[in-house]
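The values are calculated or read from the model by the stated rules, or taken from the named source; none is laboratory data. If you're wondering where the values come from, they're calculated on a predicted model, not measured in any experiment. Every residue, glycine as well, gets a Cβ built from its backbone with ideal geometry; the counts of neighbours run over all protein chains shown.
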Amino acid sequence: MLTKLTRPYIFAHRGASAHAPENTLAAFELAFRQGAQAIEFDVKLTADRQVIIHHDRTLERTTNGSGPVAEHTLAELRALDAGGWFSEQSRGEKIPTLEEVFEALGGKIFMNVELTNYATPGDGLVDEVAQVVKRQRMEEGIMFSSFSAANLARARRLLPGVACGYLLDGGAPWRKRLEGSFIRMEAEHPWMEDATAAAVEKAHRRGRRMHVWTVNEAAEMRRLRSIGVDGIFTDDPPLGLDVFVNGHG
Ligand code: G3P
Ligand code: MG
C-alpha cells in the first residue's frame, strides 16, 4: 500500500540508474541496498505477450539489439545485452521480466509499475500485467502510473485495490488535464517545474500524494522537500535520501 510509505520518500527511477544500467535487476537491487524506499520501472509487452521491463519503444539506446521491443519475442530479448552500453562491468545484464523482479524484490521494496505502451495502445498490456500481479500476489507492494488515463482506468477496473498515479507532462496544460480527468487516483505525478506549493496543497486537500519526476539536483530536492512534496523519482538514491528524505545539505 502506498500509505505504508512514510513521507518523504524516494523512488529510484528505473532503479539506481545513475549507478547501474537502467531498468535491470542490478539497478533495482542496488537501489534496495542503497536504502531507497521504492523503485520505479517501465513495463511493455513482447511480441509473444510477456511483460518485460524496458523504457524506450526501441532497443538501440540501452541494448545491443535494434528495432521495436514489441516486434521481438521474450527469447529474442533475453539474448540481448542490456548492460554493456552503461559500463564494461555491467556487460551481461539482461532485460528483466516483471515476474522476475517481483520474485527478486517483492516484499522488500515498494514498486511503481509504469504502464508504458504509449506507442502501442490497445495491446492489452494492462490485462497481462494484472495477471502477473495477481499470480505473484503483489497487490499490496505496488502502485501503477501512466501518462495514459485509459491505462489507469483499466488498471483500476482489474485491480481496484492498487493505487494509481497519473503522470503529467510538463507545462501549462497539466492542471487542466488533471482537472478534466475522471480517473480516481491516489497520487499526482507532475514534472518538477509544475510542482508548486499551491499544487501540493491542492493535491493534499484532495487526499492525494504528490510524486515528482525526475529530480537529480540537490537544490531542486531541497525546494520540493520544503513545499511538502511526498516523493520524488531520482536516478541517484544516495543523494535523494541525503537531501530530500533526511534534509541534509
Ligand atoms: O515515473 C516518472 C518517470 O519515469 C516518467 O517518465 O520517461 O522516465 O518513464 P519516464
Ligand atoms: Mg518511467
From the residues in region 216-247 that are part of a loop (DSSP other than H, G, I, E, B) and in contact (Cβ under 8 Å) with a residue 60 or more places away in the chain, which one is surrounded by the most Cβ atoms within 10 Å (Cβ to Cβ)? Val229
In the list Val113, Val133, Val129, which residue meets the criterion of being buried (at least 20 other Cβ atoms within 10 Å of the Cβ), modelled with pLDDT of 95 or more and either within 12 Å of ligand 1 (Cβ to nearest atom) or more than 24 Å from Leu25 (Cα to Cα) (or both)? Val113
Of the residues in region 153-185, those that are part of a loop (DSSP other than H, G, I, E, B) and under 24 Å from Gly124 (Cβ atoms) come to Leu159, Pro160, Gly161, Val162, Ser181, Phe182, Ile183, Arg184, Met185
Where a residue in region 93-122 is farther than 17 Å from His189 by Cα and part of a helix (DSSP H, G or I) and its partner, wherever it lies, is at pLDDT 95 or above and within 14 Å of ligand 2 (Cβ to nearest atom), with Cβ under 6 Å and at least six apart: Leu98/Val43; Leu105/Phe28
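What number of residues within region 1-41 are among the small types (Gly, Ala, Ser) and without any contact (Cβ under 8 Å) to a residue 24 or more places away in the chain?
Pass one, region 1-41, residues among the small types (Gly, Ala, Ser): 12, 15-18, 20, 26-27, 31, 35-36, 38.
From what's left, without any contact (Cβ under 8 Å) to a residue 24 or more places away in the chain: 27.
The total comes to 1.
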Out of (1) farther than 25 Å from Ala20 by Cα; (2) surrounded by 23 or more Cβ atoms within 10 Å (Cβ to Cβ), what's the single condition that is false for His211? (1)
Can you name every one of the strands (runs of 3 or more DSSP E) wholly within region 6-86 that holds 1 or more residues which are basic (Lys, Arg)? 38-45
Every listed condition ((1) within 16 Å of ligand 1 (Cβ to nearest atom); (2) more than 27 Å from Lys108 (Cα to Cα)) holds for Thr62 save (2)
For the subset of region 43-77 comprising residues that are under 17 Å from Ala27 (Cβ atoms) and of a type outside the set (A, V, I, L, M), which member is surrounded by the fewest Cβ atoms within 10 Å (Cβ to Cβ)? Arg61
Inspect region 1-19 for any residue being of a type in the set (A, V, I, L, M), in contact with a Ser or Thr (Cβ under 8 Å, 6 or more places away or on another chain) and more than 25 Å from Ser226 (Cα to Cα) and give the result as yes or no. no
Region 128-150 residues that are over 21 Å from Ile183 (Cα atoms), paired with ones that are within 16 Å of ligand 1 (Cβ to nearest atom) and assigned to a helix (DSSP H, G or I) (beta carbon under 6 Å, 6 or more apart): Val132/Leu98
